[in-house]
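The block underneath contains the structure these notes are about, expressed in structure tokens.
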Amino acid sequence: MGLYRSSVEGMRSLGEACVRAYRLLAPPPPLTLSEWADRYAFVPPEAGAFPGKFFTDRAEYQRGMQDAVTDRSIETVVYMLCAQSGKTQTQMNTVGYFTHHEPSPILFIQASEGEAEKFSKNRIAKMIRVTPVLRKLYPSPRARDSGNTLLNKEFSGGVLILAGANAPAGLASMPIRILMLDEVDRYPDSAGTEGDPVDMATRRTTSFWNRKHVLASTPGIKGASRIEQAYQDSDQRKYFVPCPECGLMQPLEWVRLRYETGEREQVSNLWYECLAGCEILERSKHQMIRDGAWRATAQSRDGKTAGFHLNALYPPWVKWTDLVNEWLSAKGSLERRKTFINTRLAETWEIRGKGADLHELEKRKDTSRYSEQLPAGVLFITAGVDVQDDRLEVSRIGWGVDEQRWVIDHEIFRGDPALPEVIVGADGVRVRNKLSPWASLEDHLREPIGHELGVTMVVACALFDSAGHHTARVYEFTKKNAARRWHAIVGRAGIGRPIISKGSEQGPAHAMLYVVGVDTAKEDVYTSFGVKEAGPACCHFSSDLPTEYFRQVTSEQLVKVKRDYVTTLKWVKKGERNEALDCFVYARAAVAILRPKYNALTQRLQRKVAALAERAERLKAEPEPVADVVETPGQVADYEAAAEATRKRLEAEQRREARKAAKPKRKGRAWATSW
């Protein structure tokens, strides 16, 4: 009996051991991405307003976005989302899931290799540091081996590779199962000379039957947006929420947000208008999101693509009031409106200023000459200078509230720009060089213009094209006049570039050089041409502008260009000359450098006008004593000499101030070597 009992107990023990072994060898239980995230994911303190354990129900719409990634029937997931919607955290959870739960080779692509390195340091490394299940799988960050680099991180069963869309080598290597493409609308048209980076990366997943493609981005320009095209090919899911009054399920749309404004255009009353006419207050937003659900509004082209679109009305941490105030402040600026529509509404920006008609524009000339008297709405003046081989062309443009603009004049100064404006004569005296156009241009830009309100104005900022054959002369001239905010620029094409970039010192003269996004500036210019009623962004023209000016300023148009299966937008010339348009573009970029505060400028102008009026009334009441009449030639000569000496002293002071302002600051030495 003892032997029998021991055999039974042994069989039972063997069975329990086999069960334990089977559990070790069995695949992990099936988990959706949201379930994995709620169980294992953590948020680093530097990565958001809610550090610590991640919970999907903080923004319930994230559940459907995550679970689509682990849905076996879906191959491609498209996120066309607003900024601050939780997109990056969803991507981090995806990386964690396919590292810990389903180890796989992962490729994560950013817009550039520099962005990929930054993303690896700021997001990937910190996620691994705070997530216990991932910290065990990745090598120590101090380990120095080929399996743990900034852009290549190996783990048991897979590898995480980070690459830039501009680096072909990172897009054409080993096979990949999980492909993640972030901010695809910022990708270059081609990865070097290899072709579209999205197509190159997608081909790397061909050998996997269970591959996943995740494309995410805030949208860019309509007609050239990768994420918009991918979303249109998907089932186009929208997040439907119930009305707290009638229960009707509906997506939240910006056009249905109603508001009233009080003083200084600040929101005083705000509500959302339900499709059934109910008024929904913002305090109901959180419960609506908890009770919402994603619904497909179309059928995907391949039956395996899920697309998600979400605007800024949904995130619980974004207030509707702040959105409306942001929109009201952006109404007067084309750049801010574009940013709002792209990053807040998650919609593509449609370029409206694609061209202009010469004759329609010429009909809008004013009846007065702005060079003789500026209109009352002008607050400051900018200028753009185009440098040619045999001349300098310049446009002066006045600017008012909400970027309303007045083209004052367009002048041409003939001469060789390679010649200096001042030469030394035979007697050693410095005299103006009549063959150089620079001196005449300087006088023109420094000339004050009378204003309808009784003040005078001069050019506040001027930009000079330095990309031609006279770069050194432009640097020299702008360095000398840096105190007047006269700067060199170089234009760079590309839809979506910022109008102006951060300046840098260039050349032996250490002149300040700015990069101008000419395509964006042209969009702004042509959009203003389309505004026909006086008001924000409307463009007015002086009566003395010739027909040739309008021919040049309308000499380009925006067209679609298809090359290597990639469709892009490009500005092309309709005529031979476009100097007037270039000058307008540079003058517009000068506004971006000044970054004017229109309300403050308006108040300053009003104070000047009030001071002039007060002085005029005072002079009427108490006339200033009239000085004795100068009778003798000697007295006249003395006064002229004194005036000339005063003029020279003031010019010397201006030159000293200019040198002081332009002089680069010396860097302090370390304490250890200062002695």
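Here, each number is a calculation from the coordinates, and none is a lab measurement. Given the structure is predicted, the values throughout are model-derived calculations rather than measurements. All Cβ positions, even for glycine, are placed from backbone atoms using ideal geometry, and neighbour counts span all protein chains on display.
Obtain the nm distance between the two label points defined at SER543 and GLN232 by a simple spin-label model: each point lies 7 Å from its Cα along the Cα-to-C-beta direction. Each label point is offset 7 Å from its Cα along the Cβ direction, giving 4.8 nm.
Taking other C-beta atoms within 10 angstrom as a stand-in for reagent exposure, LYS338, LYS153 fall in the order LYS338, LYS153, fewest first.
For the range 358-602, the Kirkwood estimate of hydrodynamic radius, built from reciprocal distances between every pair of different alpha carbons, is 18.7 Å. Within straight-line reach of LYS573, meaning a Cα separation under 27 Å, sit the following lysines at least 8 residues removed in sequence or on another chain: LYS222, LYS338, LYS354, LYS363, LYS365, LYS522, LYS532, LYS560, LYS562. Among beta bridges from DSSP that stay inside the range 33-343, the antiparallel ones total about 45%.
Note on the range 329-446: Rg/Rh from Cα positions, Kirkwood definition for Rh, rounded to two decimals, is 1.13. Packing, as the average of other Cβ atoms within 10 Å across residues, places the peptides 393-405, 487-499 in the order 393-405, 487-499, highest first. When you count the other C-beta atoms within 10 angstrom of each residue and take the mean per peptide, 550-560, 210-220, 7-17 line up highest first as 210-220, 550-560, 7-17.
Indicate, rounded to the nearest 5 percent, the antiparallel portion of the DSSP beta bridges found entirely in the range 358-602. Intermediate values should be presented prior to the final figure.
Values: 34 of 53 bridges.
Once the DSSP bridges in the range 358-602 are tallied, antiparallel ones form about 65 percent.
Compute, for the chain, the length of the dipole vector about the Cα centre, with Cβ point charges of +1 (Lys, Arg) and -1 (Asp, Glu) only. Units Debye, rounded to 20.
2700
Within straight-line reach of LYS118, meaning a Cα separation under 18 Å, sit the following lysines at least 8 residues removed in sequence or on another chain: LYS87, LYS126, LYS153. When all alpha-carbon pairs of the range 324-368 are counted, what percent fall beyond 13 Å? Here the long-distance tail beyond 13 Å is 66 percent of all Cα pairs in the range 324-368. The shape of the chain can be summarised by an equivalent ellipsoid whose semi-axes, obtained from the alpha carbon gyration tensor, come to 62, 31, 25 Å from longest to shortest.
Approximating the spin labels as points 7 Å out from Cα along Cα→Cβ, the LYS304-to-CYS18 distance works out to 3.9 nm. Taking every DSSP beta bridge that has both ends in the chain, the antiparallel portion is near 55%.
Loop-resident trypsin sites (Lys or Arg not before Pro) (DSSP state other than H, G, I, E or B) in the range 15-88 with no more than 12 further Cβ atoms inside 10 Å of their Cβ: ARG72. Report summary: the helix-based calculation at 222 nm, which adds -39500 (n - 2.57) for every DSSP H run with n ≥ 4 and divides by the residues of the chain, gives -10000 deg cm²/dmol.
Sequence gap at least 6, Cα distance under 8 Å: using those rules, report the relative contact order of the chain to the nearest whole percent.
So the answer I get is 11 percent.
Scanning the chain for DSSP H helices at least 30 Å long along the axis (C-alpha atoms) with a Kyte-Doolittle mean no lower than -1.0 picks out 2-25, 598-621. Couplings 3J(HN,Hα) of the range 123-136, computed from phi: 10, 5, 4, 6, 4, 4, 5, 9, 9, x, 5, 8, 4, 6 Hz, in residue order, whole Hz [Karplus 6.51 cos²θ - 1.76 cosθ + 1.60, θ = phi - 60°; x for Gly and Pro].
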